[in-house]
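Here is the structure we will look at.
The values are calculated or read from the model by the stated rules, or taken from the named source; none is laboratory data. The model shown is predicted, which means the values in this text are computed figures rather than measured ones. Every residue, glycine among them, receives a Cβ derived from its backbone with ideal geometry; neighbour counts consider all protein chains shown. Note: accessible area is taken over every heavy atom of the protein model, side chains too, but ligands, DNA and RNA are not part of it. Shrake-Rupley method; radii C 1.70, N 1.55, O 1.52, S 1.80 Å.
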Amino acid sequence: MRSLSQETASTPTRSAASHVRRSSTRPLSVRLGLQGFLCPLLLLVFSQLVGCVSPLLAAERAVHLERVKREELRHLRVEPQDQAKSSPSPLSMDLALDIEAALSTSGSNEPELVADRRNIPATSQKLAPSKLSSARNVQLGLLFGSRFTQSVTRMAIGPLLVSIAEEMGCEPHERGALLSAYSLGYLLTQIGGGKLAESLGSDRVLLLSTVAGAICTALSGNARSVRALWWAQVLLGASQGPLFPVSMAHLSKWLPPEERSSASTALDTGITAGSLVALPCSGALASLLGWRSTFKLYAALSAAFAVAWALLAAPSPNKCAYISEAERAYLAQALT
């Protein structure tokens, strides 16, 4: 009986120990990657929802305020025969004059008030086409993908440095040199890339930079020494230096000024999303595939994006093959 009870009592202990052994055999980078990926991803989704809802609320409030002003002006306007009976106060007259002056400076006139009485906005002819199916929305998505792939290839060296140091036996000063190599190359071409876009066009420069970045990322995976890896990272930074100024130049050719602030926020979100993928996933991929295969996988991602950019990107609305005539006319008026 005593031996049976001892065996029964030791069973949970053995199962707990086996669970600890099984969990400890799982690579630490995989566990940290899975734990650190979910929370930032939820924060990113929440920030995107806030970014999408805030402009809609602001636009709805602006429309509401404009309608309130028009209603006040309509109630304050009286017929000449009723002016003596109504005898409006000086404050009301001043308010009516202020509202009428504000509407006159914005191009408002009497036909707009008639259209407002019929619940048909008189400025509906000037509204932009739907952004859900617009060509400029495609360009914005491509620029988001550019920032995403750039961030993934740039941030990959940090998590992969542990595996690289184990294989190549890097000294501390060599690790620091590898981490700063990208920034050195990036600094050399950031200004020159913007000048190059003025002569070749933003779409061509961005395509060349993406293809060169994919090649340099693949070279990083094939490096056989610390020096070769350092040069590959320098060339990677040099290839991606023009991406930021060129993307802003491309954005200015497609979006009117009132849409550029929210679009810039969306592009910055691409950098955050790329960091969320590269930092937690690179170590996990290195444990499963090796750091060389991880670099090659990111190079394939950049090459796939380069193909998408070559097929869908257009330097301007006038040279886009799939833009609608309504959107082309709207952008021609909004960008002048």
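Using a simple spin-label model with pseudo-atoms 7 Å out from Cα toward Cβ, LEU188 and GLU171 lie 2.3 nm apart. Measuring nothing but alpha carbons in the stretch 205-329 and taking Rh as the Kirkwood radius, the Rg to Rh ratio lands at 1.05. Can you pull the Kirkwood radius for the stretch 172-266, inverse mean 1/r over Cα pairs, to one decimal in Å? Computed over Cα pairs of the stretch 172-266, the Kirkwood hydrodynamic radius comes out at 14.3 Å. Here's the picture: a label point sits 7 Å out from the Cα of ALA326 along the beta-carbon direction, and within the stretch 238-282 nothing has its amide nitrogen under 15 Å of it. Packing, taken as the mean count of other beta carbons within 10 Å per residue, orders the peptides 302-313, 227-238 from highest to lowest as 227-238, 302-313. If you plug the beta carbon distance of SER180 and ASN222 into 1/(1 + (r/R0)^6) with R0 = 25 Å, you get a FRET efficiency near 0.70.
Would you mind telling me the share, in percent, of accessible area of the stretch 138-204 contributed by carbon and sulfur at probe 1.4 angstrom? Taking all protein chains in place, the stretch 138-204 shows 61 percent carbon and sulfur surface.
Rolling a 1.4 Å probe across the protein heavy atoms gives the stretch 213-336 an accessible surface of 44 Å² per residue. The protection proxy used here, the mean number of other Cβ atoms lying within 10 Å of each residue, ranks peptides 288-299, 239-250, 177-188 as follows, highest first: 239-250, 288-299, 177-188. The mean sequence distance of close C-alpha pairs (under 8 Å, at least 6 residues apart), as a share of the length of the stretch 179-264, puts its relative contact order at 46 percent.
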